[in-house]
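Input: a single structure, listed below in structure tokens.
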Amino acid sequence: MQKMSNIMSILLLSLLAAQVYANAGPLPPFNLQCERNLVGLGDKEMKSLGNRHHFATENPNPLLSWSISHSERGEVQTGFKVIVSKKADFSNIIWEGRPEAGKEGEQEIRYDGPPLVGGDVYLWKVTWWDSKGASVTSKEIGHFMAVTLTDEDWSNAKWIAPPKMTTAPTYVKEVSTDNKPVSKATLYISGLGFFRAYINGADLNRRADPPIALNPGWTNYEMRAAYMAFDITQLMTTSQNEIKIALGEGWRNISQFPPHDSFPKTDSSPYVLRLILTIILKDTSSTKMAIYSDGSWDVQTSSIQDNSIYNGEFYDATTTPTVIGKAVETTGPSGVMYLPSMPYIAEVESDKPVSITPDPHSSDDHSKQVIDFGLNAAGVIRINVADVPKGQSFTMNHAEILTHPPYGPKDGSLYYDNLRDAHPLDYYTSSGSEKTFQPVFTYHGFRYALVSGFPRKLMTDDLSKIHIHTYLKPNSNFSTSSQILNNIQLNVIRGQLSNLMSVPTDCDQRNERLGWMGDAGLSADGMALNFHMESFFPHRTMLMRDEQMNGSVPDVVPFYHGGGRPSDPSWGAAYPQTVWVLWKYYGDTSTAKAYYEGLLEYINFVESQVPSQGIAKLAGRYGDWVPPPPSKKINNNYPSAFSFMQNIQQVAEMADALGDTANATKLKALFSKHADEFNKAFYSNYQYLDDMQISYALPFVLGIVPEADKDKVAANFIHKITDTDKSHVTSGIVGVKALLPALSQLKQHDLAVTMASQIDYPSWGYMIHNTDEPATTIWELWNANTAGPGMNSRNHHMFSSVSSWLQTDMIGLKQRKDSIGFKAIELHPAQSLDIAKASIQLEHPKPIHYSWHRQGGLQCGKTAEEKTSLTKGLSISCGEGTITKISFASFGNPEGTCGYHRIGSCHYPQSNKIVEHYCLNKTECTIPTGAAHWYSDGDLCPDIPVKWLTVAVVCTTSEEIPTYSYSSLTVNANIPIGSTAKLHVPAYGLSNMKIYDANELIYTDNRLLSSTGGIETVQWNSIRNTLEVSLVSGYYELRVKGSPSQETKRITSSSNATLSCSKGRRITNIDWVSYGNPTVDGDDGSLSLGSCHSGASRYIIESKCLGKERCYLSSLEQSFGFISCSKLVEEMKIAVQYSCNNHT
């Protein structure tokens, strides 16, 4: 189902480049959207329109939008035409939309035709013209169903409840159409908590594509109640029609979701399950008939004896439904009825078990069976019950992990204690006639299941895990040469999806699953890149605005259970953050405009909470939540001040964009005031509060580090990470989101990649590669495998903020500071030597394809010991040339970044020999990391349970190049129409840079040749040591090469240091540098680290010397500061290799 849809979406992006050359001129519009929802139909789907659940909108002027591409560079959209019809062959056009003057280049328009007819399905397509007058029409067909319910339609319908307490009541009504053929029938329904609708036995939820699950979504029902719309025309007959609606408790279970004391009690009676519906029918003469929910409906019991989000579902198929009376007309939620414009919660894909084994406490092979589905995710199990005898019962219990020390013996049994009071047990009693069982009113977060009481041994084909989450299509496809980073990104995607249940919940398994604002705000950037959130986030913002009181927002939205009001500033920050992400990433100014007043109210409220002593005293409840033990947690006021100041920045940016100059000026002044207060309270002697990672990361991200002190503060930051923290994270959820972007901002790309790629504790990689419970999602705690059972989810997304860094800073896909919606793109390929190649493809807001491959020179790799299917050995590729030297190889726990590796406390002495065997004199190689290849003499380091292999090789080509550079750098990029880009090509010390465009030389000898083909300018940036290439829209295959540097020098010194170039040349690259006790190795005189090394060496030298003809360090100790290992070294010295070039 969705898995195939995801693959097709990725293939669509991948084929874009091929289409550029296969088709001349404009390409057909794609990604057709109505109200920011992907609603395009294929040809096969067009033939069965009546069998679909249509995207429905109650907007009388829905927004229609699309994406475009062109085979030629620099093209623009000069016009478009949208046609709307009710017929699949478009034989009857009801509206033709063209752009207003000045808006010819826009890829959206609001429907402005005749009034939409409720219940009717509308089809649309778009044609666009390029600058040469060529046009093309979309192959996709967009569609939507109009909803035009009036107040009278809802006022005639009544909220109804069962006459007495009943679990999963079913409402039944026989209706007649008086033998009149039905030309149109539309069901509008809200069943709270969840509903399943049946028309003449047909399950509407199941007929949808993909099937609907657990709807409507969660809201504060006192503010608004969601309904859904279904076209049921083909299901209605001219005689009697049976309408059945079953209700489940869902979020309405007040025993599990006890409302806050301040919550209105008008809707908190024991009979909390409510139904309201309207069916509008038209006969062939267009005479309107209506069916409403009221006291005439019968209420029946059902086979569902109990159901609960937390505690599963009890289903007794032997029971016979019994009428218990008429429905009671009652008061319902006081909120407005609304039709959500975002996708519904759906059954999206399925997995088969990877293993089925007897439970260790079972006396045979089937009475208790442990099922492993391989992945931790939200969903339910569908099981084959065809041969289960009538009256026999069995249960299915669910868990995220298997028991292991310190929780108990590692015996293969399920572990439940981290679920707290949730009891995810599904119970089934067979009627002897059903084929399959699948719970309908619950979901669980699980990888493992224990099936007890099944009459035989289960086979793989008997079981499927059905994934359940909001139906959000993928927006990106990301990959790198690092298995570790790729697996982290996959875990993020799984974790985020499992927790997108109409609201972004914190977890999917225990007795919580609430819309915590802190988690959602920190994940918002990554979610916007990973999924099509263009309708989900506006809906989320609406719910936050619903909860706003006197400017404040709560910690949890909907604010029904959990959290407090007003929010912790780092949790309430999700409100401005979500709107800003929509505006910045998607170019969505309409949402910013719609909620702008609310954002100003929020800023004013939080400002009223700032004590007279200043921003440093702004209190917070949670602070930098759950740093990894034994790291201490910074004072809660510190992240509170940061979060509020960042919100001020964000709202100020949007104020400028919306033309509110007065408030923009006020907000900027407020930010400056608080920046001064922050530095006065938290900063002294080049250090921030407590000298922690978070201490430095937050002010660097805010941009408030005093400019004159920036280099010394940055050096302290890097020293802290590399010297004290050994390049491992020490922060909680607020600090860790800022950490890697702050390092990238300081051009510490290798260090940032190293931190993200760590495998031992604490790290994202440790979650995946620990031996107790290798994760397939993101943990709530860095030390989940050893922490207590209480707050310890294995599927939490609050540490998933790493995803946005991976897809922006790490891969080098950024926006210019003043850009929104990727209109002005900044491309920074090959910033880290630890990554040889990377690729990303985005669909929204515009189709962007960007990849790069650094070939030749020094190539490095790292991967974990092969203990799970996530690790397949370490692959190294030159791309060009052959591996002529193994620069470094260590299996164990080696440290450092590419070019600066160092053997750790565990090292297998045969490492170099094994790597030479597999790699020497080859263009590419794969080194196995399984125990069979490394443990021939036993486990040399049993106290290091997770080991990894790190390798650095030198690739030599026929052309002489510096070791720390590349023989060529290939960049592929598709710049969307309406955007421009600047490509920043790193020189790495090369001279005489050449650029080839599809194998044609276009830049050499510091000049752009006449045949530019969309490349506007090429300029040398001596500050960044990059070539800056300006690109217009279109597809590019660029290849960059260079010659060895005009001058390569090396110095070593123990007192002071002078770096200088010949006249007319400048220092363009620091090839290698170490302050500590570096050594000179072998006949070739290569430099390598000693036992002592300052991780800030490169930053300090680059900040002082790059772009200069000469630089001088009068005192090494003063320049580099104190590092702990210096106490163990007889003499500290510096070794530097650097390049001098003239790029003017």
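Please go through the range 295-328 and pick out each residue that is under 43 Å from the mean Cα position of the chain (by Cα) and either at positive phi or not in a strand (DSSP E or B) (or both).
Residues satisfying the conditions are T301, S302, S303, I309, Y310, N311, G312, A317.
Mind checking whether some residue in the range 502-520 is farther than 30 Å from S255 by Cβ, within 14 Å of the chain's Cα centre (by Cα) and in contact (Cβ under 8 Å) with a residue 24 or more places away in the chain?
So far as the range 502-520 goes, no, none of its residues is farther than 30 Å from S255 by Cβ, within 14 Å of the chain's Cα centre (by Cα) and in contact (Cβ under 8 Å) with a residue 24 or more places away in the chain.
Looking only at the range 256-286, count how many residues are among the polar types (S, T, N, Q) and either modelled with pLDDT of 85 or more or in contact with a strand residue (DSSP E or B) (Cβ under 9 Å, 6 or more places away or on another chain) (or both).
6
Among the residues that make up the range 651-659, is at least one of them assigned to a helix (DSSP H, G or I), free of Cβ contacts under 8 Å to residues at least 24 places away in the same chain, of a type in the set (V, I, T) and more than 20 Å from Y622 (Cβ to Cβ)?
No; the residues of the range 651-659 include none that is assigned to a helix (DSSP H, G or I), free of Cβ contacts under 8 Å to residues at least 24 places away in the same chain, of a type in the set (V, I, T) and more than 20 Å from Y622 (Cβ to Cβ).
Step by step: first the residues of the range 315-339, then only those that are at pLDDT 95 or above and crowded, with 21+ Cβ neighbours inside 10 Å, then the one that is farthest from D461 (Cα to Cα). Which residue is that?
Within the range 315-339, the match that is farthest from D461 (Cα to Cα) is A327.
Considering only residues of the range 450-490 that are under 19 Å from A528 (Cα atoms) and assigned to a loop (DSSP other than H, G, I, E, B), which is nearest to the chain's Cα centre (by Cα)?
Among residues in the range 450-490 that are under 19 Å from A528 (Cα atoms) and assigned to a loop (DSSP other than H, G, I, E, B), the one nearest to the chain's Cα centre (by Cα) is N475.
Can you name the residue in the range 193-216 that is among the charged types (D, E, K, R) and within 17 Å of V380 (Cα to Cα) and, of all such residues, is nearest to the chain's Cα centre (by Cα)?
Selected residue: R206.
Could you list, in sequence order, the residues of the range 913-935 that are touching a residue at least 24 places away in the same chain (Cβ under 8 Å) and of a type outside the set (A, V, I, L, M, F, W, C)?
Scanning the range 913-935 gives E916, N921, K922, T923, E924, T926, P928, T929, G930.
Are any residues in the range 660-672 in a helix (DSSP H, G or I) and either over 18 Å from A616 (Cα atoms) or in contact (Cβ under 8 Å) with a residue 12 or more places away in the chain (or both), and if so, which ones?
Within the range 660-672, T661, A662, N663, A664, T665, K666, L667, K668, L670, F671 qualify.
Within the range 902-918, how many residues are under 17 Å from I944 (Cβ atoms) and in contact with a strand residue (DSSP E or B) (Cβ under 7 Å, 6 or more places away or on another chain)?
Residues flagged as under 17 Å from I944 (Cβ atoms) and in contact with a strand residue (DSSP E or B) (Cβ under 7 Å, 6 or more places away or on another chain) within the range 902-918 amount to 7.
Does A134 meet the test of being over 20 Å from S67 (Cβ atoms) and over 33 Å from the mean Cα position of the chain (by Cα)?
So A134 fails the test.
Name the one entry in F671, F682 that is at pLDDT 95 or above and under 31 Å from the mean Cα position of the chain (by Cα).
F671
So, in the range 859-888, exactly how many residues are surrounded by 23 or more Cβ atoms within 10 Å (Cβ to Cβ) and under 19 Å from G812 (Cβ atoms)?
The number of residues fulfilling the criteria is 2.
Here is a list of conditions, (1) touching a strand residue (DSSP E or B) at 6+ places or on another chain (Cβ under 8 Å); (2) assigned to a loop (DSSP other than H, G, I, E, B); (3) not hydroxyl-bearing (S, T, Y), and L781 meets all of them except one; can you say which number that is?
With respect to (1) touching a strand residue (DSSP E or B) at 6+ places or on another chain (Cβ under 8 Å); (2) assigned to a loop (DSSP other than H, G, I, E, B); (3) not hydroxyl-bearing (S, T, Y), L781 is out only on (1).
Taking the range 686-745 on its own, how many of its residues are of a type in the set (F, W, Y) and outside any helix (DSSP H, G or I)?
Number of matching residues: 2.
State yes or no: is E1131 more than 44 Å from the chain's Cα centre (by Cα), surrounded by 15 or more Cβ atoms within 10 Å (Cβ to Cβ) and either of a type in the set (D, E) or in the same structural domain as H719 (by TED's automatic domain parsing) (or both)?
no
Is at least one residue of the range 589-605 over 30 Å from F822 (Cβ atoms), more than 26 Å from the chain's Cα centre (by Cα) and crowded, with 24+ Cβ neighbours inside 10 Å?
no
Any idea which residue in the range 1001-1028 is surrounded by the fewest Cβ atoms within 10 Å (Cβ to Cβ), counting only those that are without any contact (Cβ under 8 Å) to a residue 12 or more places away in the chain and outside any loop (DSSP other than H, G, I, E, B)?
Residue satisfying both the conditions and the ranking: R1007.
It is to be established whether one or more residues within the range 374-393 are under 30 Å from N783 (Cα atoms), outside any strand (DSSP E or B) and not assigned by TED's automatic domain parsing to the domain that holds G119.
No; the residues of the range 374-393 include none that is under 30 Å from N783 (Cα atoms), outside any strand (DSSP E or B) and not assigned by TED's automatic domain parsing to the domain that holds G119.
Here is a list: C941, C955. Which entry is touching a strand residue (DSSP E or B) at 6+ places or on another chain (Cβ under 7 Å) and within 19 Å of E866 (Cα to Cα)?
Residue meeting the stated conditions: C941.
Quick check: is even one residue across the range 1066-1079 surrounded by fewer than 21 Cβ atoms within 10 Å (Cβ to Cβ) and over 24 Å from Q831 (Cα atoms)?
yes
Tell me, yes or no, whether the range 549-572 has at least one residue that is in contact with a helix residue (DSSP H, G or I) (Cβ under 8 Å, 6 or more places away or on another chain), of a type in the set (S, T, N, Q), part of a loop (DSSP other than H, G, I, E, B) and surrounded by fewer than 22 Cβ atoms within 10 Å (Cβ to Cβ).
The answer is yes, given that some residue of the range 549-572 is in contact with a helix residue (DSSP H, G or I) (Cβ under 8 Å, 6 or more places away or on another chain), of a type in the set (S, T, N, Q), part of a loop (DSSP other than H, G, I, E, B) and surrounded by fewer than 22 Cβ atoms within 10 Å (Cβ to Cβ).
Is it true that some residue in the range 774-796 is in contact (Cβ under 8 Å) with a residue 40 or more places away in the chain, within 18 Å of the chain's Cα centre (by Cα) and surrounded by fewer than 22 Cβ atoms within 10 Å (Cβ to Cβ)?
no
In the range 964-985, what residues are farther than 17 Å from Q841 by Cα and either buried (at least 22 other Cβ atoms within 10 Å of the Cβ) or among the basic types (K, R) (or both)?
Once the filter is applied, which keeps residues that are farther than 17 Å from Q841 by Cα and either buried (at least 22 other Cβ atoms within 10 Å of the Cβ) or among the basic types (K, R) (or both), the range 964-985 yields S965, Y966, S967, L969, K982, V985.
Does K184 satisfy the criteria of being at pLDDT below 95 and either over 20 Å from G379 (Cβ atoms) or assigned to a strand (DSSP E or B) (or both)?
Yes; evaluated as a whole, the condition is true for this residue.
Listed residues L1106, L1089, L1128; which is touching a strand residue (DSSP E or B) at 6+ places or on another chain (Cβ under 9 Å), over 30 Å from L1001 (Cα atoms) and hydrophobic (A, V, I, L, M, F, W, C)?
L1089
Any idea which of S911, S877 is on the phi < 0 side of the Ramachandran plot and touching an Asp or Glu at 6+ places or on another chain (Cβ under 6 Å)?
Residue meeting the stated conditions: S877.
Taking the range 348-373, which residues are among the charged types (D, E, K, R), part of a strand (DSSP E or B) and either surrounded by fewer than 19 Cβ atoms within 10 Å (Cβ to Cβ) or at pLDDT 95 or above (or both)?
D351, K368, D372
Would you please name the residue that is modelled with the highest pLDDT, looking only at residues in the range 915-942 that are farther than 15 Å from T882 by Cβ and among the charged types (D, E, K, R)?
D939
The values are calculated or read from the model by the stated rules, or taken from the named source; none is laboratory data. On a predicted model such as this, the values are computed, not experimentally measured, just so you know. Backbone-built Cβ (ideal geometry, glycine too); neighbour counts: all protein chains shown.
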